[in-house]
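Comments concern the structure below.
The values are calculated or read from the model by the stated rules, or taken from the named source; none is laboratory data. Note that the coordinates shown come from a computational prediction; the quantities given were computed from them, not determined experimentally. Methodologically, a virtual Cβ is constructed for each residue, glycine included, from the backbone with ideal geometry; neighbour enumeration extends over all protein chains shown.
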Amino acid sequence: MKEETYPFVVKPLPYEYDALVPVLDQETLHFHHDKHYKTYVDNLNAALSDYPELQKLGLSDLLRRIDHLPAAIQTPVRNNGGGVYNHELYFDSMKSPVGQEPSGLLLEAIERDFGSLQQWKEQMKQAAVGRFGSGWAWLVTDRDGKLSIVQTANQDVPDLDKVIPLFLVDVWEHAYYLQYQNRRADYVDGWFGLINWRKAQKRYEEAIG
Ligand code: MN3
């Protein structure tokens with residue numbers, strides 16, 4: 001992802017609000033993007049407003065050095081900076097639920113590291129459905145192209161010094177509750193069909209240089 005700096009702005013969805021129907025309806029996307037994600041952007045900007053020296057840092061740099069930030073803003077940057085990073089990748093990782101399958105290098109890596117596409121899917125679903133409380137499940141790669149599935153709590157991100165995220169699924173209730181209520185597994189099943197494999201493949205190729 002291209003690195004943005006303060007003041008962070010709400011990025012528009014890269015598709016129409018009805019593009020993910022029937023997996024995610026317009027109301028869900030409006031609330032999720034226009035309200036939840038926007039709140040993280042606003043709160044991150046507020047947290048950084050008194051720290052001009054930090055306003056020059058890109059988002060992933062801020063997240064990499066949370067432990068070195070002034071104590072007063074470590075938690076706001078962890079929660080809201082993570083919220084911005086995670087939601088931007090989440091929205092950007094999806095597309096209309098028709099006609100795209102993994103292929104090429106990324107598919108080969110999935111088969112190598114998980115046994116098969118189906119086995120990867122089962123493990124990814126387990127990570128997403130089994131995440132207790134709010135959080136995310138990710139597919140990430142290291143610099144050598146080795147894939148792994150990561151779970152994070154709240155708005156935490158994986159260790160960005162070690163891995164490059166390819167995509168992720170939001171399992172906070174706000175991501176699915178309007179449409180699926182408590183049926184997180186059904187939402188995750190549908191989400192698999194929304195994965196933008198073309199973009200994932202591009203991220204993977206960039207990550208391994
Ligand atoms: Mn969310």
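Here Gly135 fulfils each of the conditions (1) at negative phi; (2) within 16 Å of the ligand (Cβ to nearest atom) apart from (1).
With respect to the conditions (1) small (Gly, Ala, Ser); (2) over 17 Å from the mean Cα position of the chain (by Cα); (3) under 30 Å from Glu27 (Cβ atoms), Ala137 falls short on a single one, namely (2).
Only one of the numbered conditions (1) among the aliphatic types (A, V, I, L, M); (2) out of contact with any strand residue (DSSP E or B) (no Cβ under 8 Å at 6 or more places or on another chain); (3) free of Cβ contacts under 8 Å to residues at least 60 places away in the same chain is not met by Ile110, and that is (2).
Residue check: Ala46 meets all listed conditions (1) at pLDDT 95 or above; (2) within 14 Å of the ligand (Cβ to nearest atom) but one, namely (2). Of the residues making up segment 166-189, just one is more than 16 Å from the ligand (Cβ to nearest atom) and either in contact with a Pro (Cβ under 6 Å, 6 or more places away or on another chain) or closer than 14 Å to Met94 by Cβ (or both), namely Leu166. Please determine whether any residue of segment 79-87 is within 13 Å of the ligand (Cβ to nearest atom), surrounded by fewer than 20 Cβ atoms within 10 Å (Cβ to Cβ) and touching a residue at least 40 places away in the same chain (Cβ under 8 Å). Checked against the condition, which is being within 13 Å of the ligand (Cβ to nearest atom), surrounded by fewer than 20 Cβ atoms within 10 Å (Cβ to Cβ) and touching a residue at least 40 places away in the same chain (Cβ under 8 Å), segment 79-87 yields at least one hit.
Of the numbered criteria (1) within 16 Å of the ligand (Cβ to nearest atom); (2) within 20 Å of Glu206 (Cα to Cα), the one Lys11 fails is (2). For segment 182-209, a tally of residues being of a type in the set (Lys, Arg) and in contact with a Ser or Thr (Cβ under 6 Å, 6 or more places away or on another chain) returns 0.
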